[in-house]
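Taking it in order: structure first as structure tokens, then the write-up.
What follows draws every value from the coordinates through simple rules; no lab data is involved. Here the structure is a predicted model, which is why all the values come from computation and not from measurement.
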Amino acid sequence: MVQAELNYIDFVGIPINKKSLVDLAKETLSESKYSKNLENKNICIDIAVINEVEMKRVNSAYRGKDLSTDVISIGEYSDNLNIENETKHKIILGEVLLCWSDIKKNATIQHTGVIYEFAYVYTHGILHLLGYKHGKDMFSLQAKLSSEFCDKIEKNKNEVS
């Protein structure tokens, strides 16, 4: 199984705990088409949940777009997957920035739950760090992982209640 380590900062107070995010990152890495390249490596990902003002600033600086967005991935391997040739055991994959207010807005527009939408864009960001481009493979994997994540969260709620 793929090992994942998260450096996680939540500036806005989302209702998802770090352990759940680590588990979802591991699932995403393990179910990606690059999972064989990730085995026996410790994949490190920086995750930050930020507000709209900060996301707009980052989006403007990195992408030249003067607006907020739900997710931005910044990574070493975004354009070309060279992980299989990486000799280090610990790989710093990159950073995923998530905007909670944009995620909530999109959940309303898409008629999905906010936890599903968060999982969807979170996995989207990780997949971009692996080198995925937008397309059927990426979107179907995101949907599958997000649904499974929501099912686990709901199951855990029922077991605690």
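Near the amide H of ASN42, within less than 5 Å, lie the amide hydrogens of LYS90, ILE91, all on another chain or at least 5 residues away, with H placed in the peptide plane. For the chain, the square roots a ≥ b ≥ c of the C-alpha gyration tensor eigenvalues yield an a/c of 1.5 or more together with a/b not exceeding b/c, which makes the shape oblate.
Here the gap between SER147 and ILE9, fully extended at 0.36 nm per residue and compared with their Cα-Cα distance, gives a gain of 47.3 nm.
Along region 7-15 the Karplus relation, 6.51 cos²θ - 1.76 cosθ + 1.60 evaluated at θ = phi - 60°, assigns HN-Hα couplings of 9, 10, 10, 10, 8, 10, x, 6, x Hz to successive residues, with x for each Gly and Pro.
Karplus-derived 3J(HN,Hα) values for region 23-39, using 6.51 cos²θ - 1.76 cosθ + 1.60 with θ = phi - 60°, are 4, 5, 4, 4, 4, 4, 5, 5, 9, 6, 5, 9, 4, 4, 6, 9, 4 Hz; glycine and proline are entered as x.
Averaging the sequence gap over all C-alpha pairs within less than 8 Å and six or more residues apart, then dividing by the number of residues, gives the chain a relative contact order of 24 percent.
Checking the Cα-Cα distances for LYS36/LYS136; LYS19/LYS144; LYS105/LYS155; LYS33/LYS152; LYS19/LYS65; LYS56/LYS152 against a 28 Å cut-off, the pairs over it are LYS19/LYS65; LYS56/LYS152. Can you give me the C-alpha center-to-center distance between region 84-161 and region 47-64, rounded to a whole angstrom? Cα centroid of region 84-161 versus Cα centroid of region 47-64: 18 Å apart. Take every DSSP beta bridge whose two residues both sit in the chain; close to 25 percent of them are antiparallel.
Residue by residue, region 43-59 carries 3J(HN,Hα) couplings of 8, 9, 10, 8, 10, 9, 9, 10, 8, 4, 4, 5, 5, 4, 4, 5, 4 Hz when phi is fed to the Karplus relation 6.51 cos²θ - 1.76 cosθ + 1.60 (θ = phi - 60°); x denotes Gly or Pro.
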